[in-house]
Amino acid sequence: MFKIERRTFIKNAAAAAVGGGIFGVPFARAQEAGWPTKPIHFIVPLAPGGAIDFIARAVGEVMQRNAGQQIVVENRTGAGGTIGMDAAMKSPPDGYTVLITNDNAASAPHIMNLSYDYTKQLQPVCYLGRQSQFLAAHSSLGVSTVKELVEYVKKNPGLGYASSGVGSNQHVAGEWFAKEAGIKIEHVPYRGAGQAINDLIAAHVKTAFLGPTALFPHYKAGTIKLLAHTGSKRSPILPEIPTLDESGYKVVLDAWYAAFVPTGTPAGIVAKLNSEMNSALKDAKLLETFKDGAVEPIGGTPDEIGKIAQADSVKYARLVKERNIKTN
């Protein structure tokens with residue numbers, strides 16, 4: 001049997017390690033070639049019931065079937081989603097931890113005055129979907145348009161609006177709208193859309209800025225009214241709902257949903273994740289699920305969503321400063 005002398009093995013191993021042989025590029029390539037060999041964890045930074053959780057589970061279901069490994073969705077909530085985003089950012093860069101989030105990753109660092117920016121600290125993977133944020137009111141409030149709501153608030157100060165959390169794009173939309181309308185409404189943050197919608201349909205809070213995934217079933221049931229949304233144009237899924245801009249208030253804020261991984265994740269694994277996610281976004285069942293949740297599927301390269309995320313970080317920094325948006 002062929003044998004390697006111990007001295008020769010140690011010498012060659014040391015040289016390979018210094019040159020990237022054992023613990024460098026070939027080792028990383030070996031990891032990439034075998035990936036995935038165990039369950040992949042999707043971290044969702046908000047509670048179940050909202051669009052992020054909805055998208056993570058829909059994409060995960062298809063990926064699990066195609067990749068042959070379990071996709072585990074973990075809801076790590078708190079601090080406006082930053083607990084979950086921090087957990088993902090600090091996870092091992094091995095392709096087994098994926099953050100599924102929205103543009104809260106771009107807004108939260110500026111509203112919460114963080115020392116770091118998730119859009120720069122995390123590695124982009126795929127643009128999963130797009131939605132506007134909707135201004136909703138409980139039916140008992142008796143308003144059917146944005147102008148009626150503004151008039152109501154002027155006569156009845158103290159109204160609160162629910163959102164998925166401090167630092168969220170919904171928080172930005174609510175404060176921006178209040179300043180454009182010249183009204184005072186109190187921000188009521190929750191740990192996610194699921195908790196917020198429960199209090200809205202129970203009329204504990206009478207208005208909300210939330211994504212349509214959580215609102216849609218209750219809108220169809222007549223419990224709540226959708227007054228307007230933050231998109232630049234009307235939604236093809238809900239074409240009867242006007243934009244805030246159409247309603248006379250220049251608030252335009254389209255929300256994206258995307259996957260990110262810790263910086264340092266091997267390029268081959270990022271490419272595989274991107275490929276699996278793009279494939280999932282073409283699945284017929286997923287497309288129906290997205291349509292039911294009022295989510296527009298997108299897809300694309302890591303570079304494309306990376307540029308959008310970083311551009312939005314710059315936009316949110318400006319909005320937070322111009323609109324004087326604060327955590328309290």
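Here are the numbers for this structure:
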item	result
Residue in the range 263-285 that is under 21 Å from GLY84 (Cα atoms), of a type in the set (S, T, N, Q) and modelled with pLDDT under 95 present	no
Extreme residue, farthest from GLN133 (Cα to Cα), among residues of the range 192-206 that are open to solvent by 40 Å² or more (accessible area, probe 1.4 Å) and in contact with a helix residue (DSSP H, G or I) (Cβ under 9 Å, 6 or more places away or on another chain)	HIS204
Which listed residue is more than 14 Å from the chain's Cα centre (by Cα) and in a helix (DSSP H, G or I), from GLY60, GLY80, GLY84	GLY60
Condition met for ILE183 (more than 26 Å from THR77 (Cα to Cα), at pLDDT below 95, touching a helix residue (DSSP H, G or I) at 6+ places or on another chain (Cβ under 8 Å) and not in a helix (DSSP H, G or I))	no
Checklist (1) assigned to a loop (DSSP other than H, G, I, E, B); (2) under 19 Å from THR119 (Cα atoms); (3) free of Cβ contacts under 8 Å to residues at least 12 places away in the same chain applied to THR265, failing item	(3)
Verdict on GLY293 being under 20 Å from the mean Cα position of the chain (by Cα), touching a residue at least 60 places away in the same chain (Cβ under 8 Å), more than 30 Å from HIS138 (Cβ to Cβ) and surrounded by 14 or more Cβ atoms within 10 Å (Cβ to Cβ)	no
Subset of the range 74-114 that is of a type in the set (Gly, Ala, Ser) and touching a helix residue (DSSP H, G or I) at 6+ places or on another chain (Cβ under 7 Å) - its residue that is surrounded by the fewest Cβ atoms within 10 Å (Cβ to Cβ)	GLY95
Sole residue being under 19 Å from ALA259 (Cβ atoms), in contact (Cβ under 8 Å) with a residue 60 or more places away in the chain and either outside any strand (DSSP E or B) or not hydroxyl-bearing (Ser, Thr, Tyr) (or both), chosen from VAL143, VAL125, VAL72	VAL125
Subset of the range 220-244 [open to solvent by less than 10 Å² (accessible area, probe 1.4 Å), of a type outside the set (A, V, I, L, M) and not in a strand (DSSP E or B)]	THR230, GLY231
Where LYS272 falls short, out of the listed (1) more than 21 Å from GLN64 (Cα to Cα); (2) open to solvent by 60 Å² or more (accessible area, probe 1.4 Å)	(1)
Qualifying position, being in contact with a Pro (Cβ under 9 Å, 6 or more places away or on another chain), open to solvent by less than 10 Å² (accessible area, probe 1.4 Å) and part of a strand (DSSP E or B), among ALA259, ALA309	ALA259
Test: residue in the range 33-50 that is open to solvent by 10 Å² or more (accessible area, probe 1.4 Å), at pLDDT below 85 and hydrophobic (A, V, I, L, M, F, W, C)	yes
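The values are calculated or read from the model by the stated rules, or taken from the named source; none is laboratory data. Just so you know, these numbers come straight off a predicted model, no measurement behind them. Note: ideal-geometry Cβ built from the backbone for every residue, glycine included; neighbour counts use all protein chains shown. To get the accessible areas, we keep the full protein, side chains included, count just its heavy atoms, and leave off ligands, DNA and RNA. Shrake-Rupley method; radii C 1.70, N 1.55, O 1.52, S 1.80 Å.
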